[in-house]
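A short worksheet on the structure shown next.
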Amino acid sequence: QPGAEFNGHYDTKMFHPLIATAAELGDVLGVKLRPGAVHTADGGLDFILDLVERCRRELCQIASVRIDAGFPEEETLAGLEKAGVPYTARIKCNKILNRMAEPYLTRPKGRPPLEGRMWTCEMSYQAASWSKARRVVLVVNEFPGELLLHHFWLVTSWSEGEKDSEELVSHYRQR
């Protein structure tokens, strides 16, 4: 189709749409069709800010954003902070984050429970491309019958007093 372009990450010719939903309702709030060769965050800040403004005008007084790992670049995070839009975003693991996580990737003593368990750890982290350090939360999951632990990171503008780490994970998972 016209406008479809090759995307090396997905190894195919495609479009790379931006899609925003109201997680609580499941309703689609906005869609922007983009050529396949653009970066995930390309045009994301303007797209998000336009939707937040529309939501604040028509749906609610407080709107917060939950975004996937392709978006937390300096431009997006700083833009959301400047606009006063609270956010929670997954961030991609890297060598530094993996090193920071290492001491917390140990199973608690005793027999593993029959159901999975999760624990979190609060830290501060500044990616090389970020203008400042930000609150990050390490989330470690232990799944029954699995030998290795799973972990991921969230970055947020919410303070610990506004949302503690477990509230933050629950909030993020509602996206």
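Looking at the range 123-175, which of the residues that are without any contact (Cβ under 8 Å) to a residue 60 or more places away in the chain, buried (at least 18 other Cβ atoms within 10 Å of the Cβ) and small (Gly, Ala, Ser) is farthest from Ala63 (Cα to Cα)?
Ala127
Could you look through the range 1-35, keep only residues that are outside any loop (DSSP other than H, G, I, E, B) and of a type in the set (Lys, Arg), and pick out the one that is modelled with the highest pLDDT?
Lys32
The values are calculated or read from the model by the stated rules, or taken from the named source; none is laboratory data. What you are looking at is a predicted structure, and each value in this text was computed from that prediction instead of being measured. Please note: Cβ atoms are built from the backbone with ideal geometry, for glycine as well, and neighbour counts cover all protein chains shown.
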